[in-house]
Amino acid sequence: MKDLPQTVFVVDDDDAVRDSLRMLLKSAGVHAETCASAQDFFSIYDASQPGCLVLDVRMPGMSGLEMQHELNLRGLTMPVIFITGHGDIPMAVEAMQHGAFDFLQKPFRDQELLDRVQRALVRDTENRARLRHTDRIRERLASLSPREREVLDLVTQGKANKMVAGDLGVSQRTVEIHRAHVMQKMEAGSLAELVRMMMAVAPSP
Amino acid sequence: MTAPAPEVLALLEAAFDAAVIIDERGRIEAFNASAEAMFGYRAADAIGRNVSMLMTAADRGTHDDHLRRHLADGESRVLGRGRDVRAQHRDGSEFSIFLSVGRIANTSPPRFVGFLHDTSLRRKALATLEKERQVNRLYLDLAQVMLVATDRSGVVQLANQRAIRVLKRGHSAIVDSNWLESCVAPDDRATARTAFRALLMSGHDEPQVCEYHVRSSDGEDRFITWRGVALRDINNLVTGVMLSGEDITDQRRAENEAHRALERMNSVARLATMGEMAAGISHELNQPLAAIANYAQACVRFLRMPAPDLPEISGALEQIAGQALRAGEIIRRIRSLVRNEDVRRETQDINELIREVHGLLASDARVHDGKLALDLASPLPNVTVDGVQIQQVLMNLVHNAFEAQAPEHDGAPFEVRIATRATAAGDVEVSVSDLGPGLAGEAEQKIFEPFFTTKASGTGLGLAISRSIIKAHDARLGYRANLPRGACFYFVLPAHQEAPP
């Protein structure tokens, strides 16, 4: 499957600022889409579209911070670069605490923006690759039988076959057979790889 | 035995006190009318009986012995000096008398005369008087105000508990001391003396009010509002003064504290508003500036390309021009906001406008420990002004004046004066002068420039704004030195011209 081209979504209510950002990105060979409001963005955005967001912190209607919150709720992981005015540093700090990728104070040098945009696009690519990886692990986990899942949980806790057999009340031979099925279905070459897979899909603490 | 001489008896009858003559064995020989009234016996019944019948049971048994001993060796506990004794009425009731006894010379056998003065009445009167005094004292002491009475020379005659508590001196340390010298705070003695003299001279009974500090024994000054009246004797001559004082130290402190809090709040509010305005302005200006920067940087990038996209560049340059104009428009809007062109002009009496803010300004004066004097000429022509704006200018000037004097408050009169007068041309001059250091050299040149300030915490905008307000009234805010010292800010408002009919 070939990836879609990366797009920078610029959301700013100020026509001139929005258009000038689009032109600046275009002059650096970056494809940009512009939206005048958060609502506009959500109406056109498709989650499979890779890229990053450039958001004005202050906007009428839904502010940049509220929009970030909405993105998190919708499970959208596109990196967000905030653009703030002079006195908006506290807002920028709050945005960073809620997972913003970076922020810029306007007016700014073109290179500052372009560098951040490049890093954000790299981050998005990594995020998407990781997501695809964990999606595949989840698919494989879903193919295990209940008994195989039990065996997997116990062996990834570091228990030997003999102990697993004791815990489950079955013979050691039966455990060995289940374990072979688990390794096969999970496409894991070793116990270490299996443990790494489980860590990748474990809910973050 | 011979009876007393008739002259003696006549003398006794005329005496106001009871008088009894006895012989050497204690038998009554004479009993005057006052004695009859005092004891309830008639003289005829008393004469010939032993005098001990007039005594209480406690004394009765020992009298004859005393008499015999005296006759034997001349010793006496009674003769020549009076003493308080108890006596018994015919009806058995006892009462107090003052008894003085004398031996009648050259009589044989010896005779004695006793004068008996009924002290019960006097004692009763004394007791009543004492009780009245105590009640009065109680009233004085219950009073929540300080009560102090002095004679004409200021020596304290009376001080109540409240006064004792405030002064933290004993009653005896206050009474008989000179009020002005021992109790009034040294700095306020001149004030107190003037008020004291005025009271002595006052021809009426209206209480006179004055305020000064008293100093307690531990050196603490308390601020007291005094109401004084002159005390007069029955010939209507002034004998002294009575002062009732209310300790308003805490109240005044609370007032000043409240005023300071309000002032702090006001300056915080002003700062907040200015901060918000500044944030708003910077955001407004930032938008076109950010757009201009972006477009310009995009143009540079486009121009570096092997085949520059000229229509794109041309569009960006047009945008840059447009955004620069937008920034200019924003600045123009802010200027007109500050200039406040939408003023309300009304024809008014300038003196009235000044009196309206006098209360506010006076409390400012109090915080700065100074006085605000009004020197308003009347009548004056009316002026056509925005009253609120003119009042703001006045408040700003007065506040500056107090701040200018505050640092070098060295006991010099601490006064700001607002004066109005008609000029030769018939216009109205308003001036605010102080007795501070005035303006020197550079300060005089720059005082009206925005952001110039001589105050540690000043914004430097007050005078600049004041001047633009006055300018909008077709007048000029000027400065001149106040003579002999201090600064004077003034402006001349054109007199209101009646429109021709």
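The values are calculated or read from the model by the stated rules, or taken from the named source; none is laboratory data. Since the model is a prediction, treat every value here as computed from it, not as a measurement. With ideal geometry, Cβ positions are generated from the backbone for all residues, glycine too; neighbour counts draw on all protein chains shown.
The set of residues in the range B:211-228 being surrounded by fewer than 18 Cβ atoms within 10 Å (Cβ to Cβ) and within 15 Å of residue B:197 (Cα to Cα) consists of B:211, B:227.
Would you say residue B:269 is part of a loop (DSSP other than H, G, I, E, B), modelled with pLDDT under 90 and exposed (fewer than 13 other Cβ atoms within 10 Å of the Cβ)? Reasoning before the result, please.
Details: part of a loop (DSSP other than H, G, I, E, B): no; modelled with pLDDT under 90: yes; exposed (fewer than 13 other Cβ atoms within 10 Å of the Cβ): yes.
No: the conditions fail for residue B:269.
Whenever a residue of the range A:15-36 is more than 9 Å from every other protein chain (Cβ to nearest Cβ), its partners that are modelled with pLDDT under 90 and assigned to a loop (DSSP other than H, G, I, E, B), lying with C-beta atoms within less than 8 angstrom and at least six residues away or across chains, give the pairs A:31/A:5; A:36/A:13.
So which residues in the range A:37-91 are of a type in the set (Gly, Ala, Ser), more than 14 Å from chain B (Cβ to nearest Cβ) and either crowded, with 16+ Cβ neighbours inside 10 Å or in contact with a Cys (Cβ under 9 Å, 6 or more places away or on another chain) (or both)?
We begin by selecting, within the range A:37-91, every residue of a type in the set (Gly, Ala, Ser); these are A:37-38, A:43, A:47-48, A:51, A:61, A:63-64, A:75, A:85, A:87.
Filter once more, keeping what is more than 14 Å from chain B (Cβ to nearest Cβ): A:37-38, A:43, A:47-48, A:51, A:61, A:75.
Selection gives A:37, A:38, A:43, A:51.
Of the strands (runs of 3 or more DSSP E) entirely within the range B:145-260, those holding at least 1 residues that are in contact with a helix residue (DSSP H, G or I) (Cβ under 6 Å, 6 or more places away or on another chain), of a type in the set (A, V, I, L, M) and over 27 Å from residue B:369 (Cβ atoms) occupy B:146-151, B:156-159, B:221-232, B:238-247. Checked against (1) within 7 Å of chain A (Cβ to nearest Cβ); (2) of a type outside the set (Ser, Thr, Tyr); (3) surrounded by fewer than 17 Cβ atoms within 10 Å (Cβ to Cβ), residue B:303 passes all but a single condition, namely (1). Where residues in the range B:306-319 are surrounded by fewer than 19 Cβ atoms within 10 Å (Cβ to Cβ) and at the interface with chain A (Cβ under 9 Å from one of its Cβ atoms), which of them is farthest from residue A:16 (Cα to Cα)? Checked the range B:306-319; the qualifying residue farthest from residue A:16 (Cα to Cα) is B:309. Is it the case that some residue within the range A:69-85 is over 19 Å from residue B:301 (Cβ atoms) and of a type in the set (Lys, Arg)? Yes - at least one qualifying residue is present in the range A:69-85.
For residue B:330, the test of being more than 9 Å from chain A (Cβ to nearest Cβ), surrounded by 12 or more Cβ atoms within 10 Å (Cβ to Cβ) and modelled with pLDDT of 70 or more is passed. Any idea how many residues of the range B:197-230 are in contact (Cβ under 8 Å) with a residue 40 or more places away in the chain and among the polar types (S, T, N, Q)? The total comes to 2. The residues listed here are B:393, B:398; of these, the one that is modelled with pLDDT under 85 and either basic (Lys, Arg) or in contact with a Leu (Cβ under 9 Å, 6 or more places away or on another chain) (or both) is B:393.
When the criteria are applied in full, residue A:105 meets the requirement of being without any contact (Cβ under 8 Å) to a residue 24 or more places away in the chain, polar (S, T, N, Q) and either outside the structural domain of residue A:75 (by TED's automatic domain parsing) or touching a helix residue (DSSP H, G or I) at 6+ places or on another chain (Cβ under 9 Å) (or both). Among the conditions (1) within 19 Å of residue B:105 (Cα to Cα); (2) surrounded by fewer than 17 Cβ atoms within 10 Å (Cβ to Cβ), the only one that residue B:40 does not satisfy is (1).
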